[in-house]
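Have a look at the structure below, then the notes.
The values are calculated or read from the model by the stated rules, or taken from the named source; none is laboratory data. Not measured: the values here are computed from a predicted model. All Cβ positions, glycine included, derive from the backbone under ideal geometry; neighbour counts span all protein chains shown. The area values use the complete protein model at the heavy-atom level, side chains included, leaving out ligands, DNA and RNA. Shrake-Rupley method; radii C 1.70, N 1.55, O 1.52, S 1.80 Å.
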Amino acid sequence: MTVHPAARPTRSTGPTRSTGWVPFALIAVVVVPAIAGSLRLVELAGGSHALPANPRMTASPLPVVIHIICAVLYAVLGAFQFSSGFRRRRPGWHRTSGRAVVGLGLAVAFSALWMTQFYPRQPGTGELAYLFRLAFGSGMAASIILGFAAIRNGDVARHVAWMTRAYALALGAGTQVFTLGIGKAVFGTGELTTDLSLGAGWVINLAVAEYVIRRRGRSRTISRRTIKATAKVGSS
């Protein structure tokens, strides 16, 4: 007896449906930091001062310019790397933009580490924030390198896992908009509150990334078991 799987109904393949909602949700997370970064670029270019003055950046603008531009591009291009529909329809684009995403991500991580190490300490933050920035900036760079090495070795699952972690860390600034607001509203302003709120943004994103990675791994395991079971029934 041979059992054939039932054919799935064909769905509309409009741009939004085929791309999915995930890229747009990811981009939404970084809207506020992207706007703030754009305003800072306008200021550094000699335009109006819409944000509080930051002498650290005006004294040495190149690292922050690199960081802001690369971070925005990384967030947008990287978001579409997580769309399975987009990858299936445009595999060539996925590979080409993926190479750009690797370069942009490393530029984001290393420029952040440079600013952490050589810029004067941000007012209102302490030693804990400094350690968080060093740890998570290094973690992002390491994740990108490990993800790139994995795909070079043909290990897609490990590649996706490491790139997911790197992207989650890059989106820390978006989550910190909420953790800083909630932290200060609940615990008041203070150096320790600010430091812990910053750290919470990265920790929350990493926790979500790990959940997604493990859920994806379980889905693959279930799919493989289903295929094996179907093959056994078909051969009986």
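What the table below lists for this structure:
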item: Spacing of the two label points (7 Å from each Cα toward its C-beta) at V22 and R88, in nm; result: 1.2 nm
item: All-pairs Cα distance distribution in segment 24-112, expressed in whole percent, bin size 10 Å; result: 17, 40, 28, 12, 3
item: Accessible area in the full protein assembly, largest first, 1.4 Å probe, for W202, W21, W114, W93; result: W21, W114, W93, W202
item: L169, L73, ranked by accessible area, largest first (probe 1.4 Å); result: L73, L169
item: Charge sum, other residues only, whose C-beta stays under 13 Å from N54's C-beta, Lys/Arg counted +1 and Asp/Glu -1; result: +2
item: Of all accessible heavy-atom area on segment 67-213, the percent that carbon and sulfur account for (1.4 Å); result: 68 percent
item: Karplus (6.51, -1.76, 1.60) ³J(HN,Hα), θ = phi - 60°, over segment 93-106, in Hz, Gly and Pro reported as x; result: 5, 4, 5, 5, 5, x, 5, 5, 4, 4, x, 5, x, 5
item: Spin-label pair N54/A157, simplified geometry with 7 Å Cα→Cβ offset, distance in nm; result: 4.1 nm
item: Table column - 3J(HN,Hα) (Hz), segment 108-116, Karplus curve with 6.51, -1.76, 1.60, x for Gly and Pro; result: 4, 5, 6, 5, 5, 5, 4, 5, 4
item: Gap separating the Cα centres of segment 113-171 and segment 46-91, nearest whole Å; result: 15 Å
